[in-house]
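See structure below.
Just so it is clear, none of the values below were taken in a lab; they were calculated from the coordinates. All of these numbers come straight from a predicted model, not from anything done at the bench. Please note: Cβ atoms are built from the backbone with ideal geometry, for glycine as well, and neighbour counts cover all protein chains shown.
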Amino acid sequence: MRPLALALALVMLTVGGCGRAGDDSGASEGAEVIAAFYPLEFVATEIVGPNATVTNLSPPGVEPHDLELAPDQVRSLAQADLVVYIGEGFQPAVEGVVGELSGTPTIDSLDTQDELIEGGDSHEDEADHEDETGRSHDLEEGAVDPHVWLDPTRLASLGNIIASEMAEIDTDNADVYEDNAAALAGALNELDEEYSAALENCERNELVVSHEAFGYLTDRYGLEQVGVSGIDPESEPSPGRVAEVAEFAREHGVTTIFFEEQVAPDIAQVIADEIGARVEVLDPLEFKPEGDSDYFEVMRSNLDSISAALGCN
Ligand SMILES: [Zn+2]
């Protein structure tokens, strides 16, 4: 972290005095909020509306796990009025800079959540995969699952926290932020109810995915996630792991192996071919959706795919 501290100190020297919380001129010109990647950008934008600028640190098409930062992004973090990110090793470069910031309000989206899903078991003892708590087997040991945004109720909590921070940064618009948070929470609760209703009566409850991003979602709606590649989509599964998931999928009559569009479907296809299932896209919402689509639209399309795959009615 030494070179980083030095770089940041230099940045601070160059930008010294720029609009910051507590500096009255800052808020009136509109606060600068930095969100580490799409779902955080989405929530922050819903909360601040036109009263502040929200910038997404992850460029379009760049896998947000292990994001690297350009020097001007490090500079923008140092100048921001509020930084919203996800800690626990999801994006170490962002965490590194955030750790060196003094005086800038930051929100670790995982701190806003009650029970986080944590890994414990190692990959060696996965023989008992049939138990219905399978998710913990699939996380790297000691790792915390970062994908909290895929549970709408957890995203609503984050919205509330952002609104409280913004209310302090820009007191004049405090009411607006609280109202926006309430409206967002209402819409997210509606989505949550749609999920609960659609997934209540299903023939199967095993969701087989290449990228293990859906742990909070499966937790919330009483499903079981079985992942092939782990919580980092780019980690290579061992042949043993692939065989194990194929075996599990066959035993449970799984009809669909899910993969994400941005990652090649090879492994999912291998498993699907082996057991006569099909592959289908399930979007973990780590990237900004194309065109006018947004979080809600993708979540609803994911719900359709899940309920079809699990034979829900
Ligand atoms: Zn992910």
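Set the Förster radius R0 to 45 Å, insert the Cβ-Cβ distance between A243 and N313 as r into 1/(1 + (r/R0)^6), and round the FRET efficiency to 0.05.
0.90
Within the stretch 178-196, name every residue whose backbone N is under 17 Å away from a label modeled 7 Å from Cα of S305 along the Cβ vector.
The answer is 195.
What share of the DSSP beta bridges in the stretch 181-313 is antiparallel, in percent to the nearest 5?
Antiparallel bridges: around 10 percent, rounded to the nearest 5.
Once the Cβ-Cβ distance between A174 and T53 is put in as r, and R0 is 22 Å, what FRET efficiency do you end up with, to the nearest 0.05?
0.75
Can you give the local net charge around S109? Use residues other than it whose beta-carbon is closer than 11 angstrom to its beta-carbon, Lys and Arg +1, Asp and Glu -1.
-2
Could you give the length gained by full extension between E190 and E118, i.e. 0.36 nm per residue of separation minus their alpha carbon distance, to one decimal place?
23.2 nm
Classify the stretch 152-298: rounded, prolate or oblate, from the alpha-carbon gyration tensor (a ≥ b ≥ c, eigenvalue square roots; a/c under 1.5 rounded; otherwise prolate if a/b is larger than b/c)?
prolate
Say R0 is 51 Å: what FRET efficiency, to the nearest 0.05, do E251 and D292 get from their beta-carbon distance?
0.80
Given the Cα-Cα distance of D266 and L101 and 0.36 nm per residue of separation, how much length would full extension add, in nm?
That pair, D266 and L101, stretches by 55.3 nm at full extension.
Could you let me know the centre-to-centre spacing of the stretch 174-240 and the stretch 28-75, using Cα atoms, in angstrom?
22 Å
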